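What follows is a set of notes on a single structure, which appears directly below.
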Amino acid sequence: VDPISGFFSHCFAVTNLLGISLQAGESVISSTCSEKCTCQASGGLVCKPHRCLVQEICALQEGVRSCVKQKGRCILLPGGQLTSFDGASGGDLPSGAYELASLCNSSTPSWFRLVVEVRACGDEGRTAGTTAYIFFQDAFIAVKRSKETWVNGRSMQLPAKVSDAVSVSESQGGVAVVQASGVQVLFSPRGQVTVRVGESLANKLCASCGNFNDDISDDLRLPGGGFARNITEVVSAWKAGDFSGCGI
């Protein structure tokens with residue numbers, strides 16, 4: 001039932017409907033995670049607006065509705081804010097081309113590298129992804145916000161099978177590039193870039209999105225081994241040298 005506060009006035013009624021026992025101080029979240037109600041010592045409920053974090057989804061976990069961390073997802077939002085695979089977040093990126101994710105071992109057949117060009121385009125004046133460049137061992141794919149797609153320098157109609165392991169198609173209003181090893185890059189017309197990776201790639205990844213080891217404490221590590229003060233410094237350190245402007 002959502003919102004909860006519109007239907008119940010005391011904890012006993014909530015426990016009867018949901019099949020759980022709420023004690024004073026315990027909380028329950030609505031079916032869309034938009035409201036959180038806490039049981040008071042008096043038996044009544046105090047309900048407040050609630051929402052999941054960027055790295056979370058609203059889902060049932062062991063029969064209880066909650067905001068669950070979505071593992072293996074890195075997001076670059078319009079405005080230049082990045083959230084790493086392990087949940088580190090921040091940023092206000094200037095224009096440039098940045099390496100978001102790659103497989104550290106470049107000699108493996110499933111190697112990939114994702115570079116996103118970020119620029120302030122249009123009337124809004126804020127930075128967003130304008131082009132995503134995805135490198136594989138046997139293919140190079142470029143995708144623009146307009147969904148125009150090039151494979152190995154040639155314009156391509158979607159959907160397209162690039163190789164036995166790589167395909168490109170329209171998805172969720174944008175373009176999805178999928179590699180069979182467990183990598184998906186989704187690029188939206190808003191300039192949002194979402195990278196999803198499978199558990200098999202845990203602790204095998206490099207670049208701005210982090211190493212995907214379920215440890216947020218090392219997400220500020222710089223390529224040279226030191227630590228940055230914030231995620232913006234990390235992303236800046238992963239500026240793609242082969243895309244840098246002005247010949248510098």
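The values are calculated or read from the model by the stated rules, or taken from the named source; none is laboratory data. All of these numbers come straight from a predicted model, not from anything done at the bench. So basically every Cβ, Gly included, is an ideal-geometry build from the backbone, and we count neighbours across all protein chains shown.
Is it the case that some residue within the range 172-192 is among the small types (Gly, Ala, Ser), within 22 Å of residue 119 (Cβ to Cβ) and surrounded by fewer than 16 Cβ atoms within 10 Å (Cβ to Cβ)?
Looking for residues that are among the small types (Gly, Ala, Ser), within 22 Å of residue 119 (Cβ to Cβ) and surrounded by fewer than 16 Cβ atoms within 10 Å (Cβ to Cβ), one finds at least one in the range 172-192, hence yes.
Checking residue 200 against (1) among the polar types (S, T, N, Q); (2) touching a residue at least 40 places away in the same chain (Cβ under 8 Å); (3) more than 23 Å from residue 236 (Cβ to Cβ): exactly one of these is not met. Which one?
For residue 200, the exception is condition (2).
From the list 93, 100, exactly one residue is part of a strand (DSSP E or B) and either of a type in the set (A, V, I, L, M) or in the same structural domain as residue 201 (by TED's automatic domain parsing) (or both). Which is it? Before you say what the answer is, go through the steps one by one.
Values: 93 fails: part of a strand (DSSP E or B).
Matching residue, one of 93, 100: 100.
State all residues of the range 79-96 that are over 12 Å from the mean Cα position of the chain (by Cα) and either under 18 Å from residue 200 (Cα atoms) or not acidic (Asp, Glu) (or both); if no residue qualifies, say none. Talk me through it step by step, then tell me what you get.
Here is the first cut: in the range 79-96, the residues over 12 Å from the mean Cα position of the chain (by Cα) are 79-80, 90-96.
Matches in the range 79-96: 79, 80, 90, 91, 93, 94, 95, 96.
Can you tell me which of (1) without any contact (Cβ under 8 Å) to a residue 24 or more places away in the chain; (2) under 21 Å from the mean Cα position of the chain (by Cα) is the one residue 99 doesn't meet?
It is condition (1) that residue 99 fails.
Any idea which residue in the range 62-96 is modelled with the lowest pLDDT, counting only those that are over 30 Å from residue 30 (Cβ atoms) and buried (at least 20 other Cβ atoms within 10 Å of the Cβ)?
Once the filter is applied, the top-ranked residue is 91.
Any residue that is crowded, with 20+ Cβ neighbours inside 10 Å, over 20 Å from residue 89 (Cβ atoms), in the same structural domain as residue 107 (by TED's automatic domain parsing) and among the charged types (D, E, K, R) - is there at least one of those in the range 131-149?
Yes, the range 131-149 contains a residue that is crowded, with 20+ Cβ neighbours inside 10 Å, over 20 Å from residue 89 (Cβ atoms), in the same structural domain as residue 107 (by TED's automatic domain parsing) and among the charged types (D, E, K, R).
Please note which strands (runs of 3 or more DSSP E) are completely contained in the range 1-61 and include at least 3 residues that are in contact with a Ser or Thr (Cβ under 9 Å, 6 or more places away or on another chain), surrounded by 18 or more Cβ atoms within 10 Å (Cβ to Cβ) and modelled with pLDDT of 80 or more.
Here the list reads 35-39.
Among the residues of the range 209-238, which ones are without any contact (Cβ under 8 Å) to a residue 60 or more places away in the chain, among the small types (Gly, Ala, Ser) and in a loop (DSSP other than H, G, I, E, B)?
Result: 224, 225, 226, 228.
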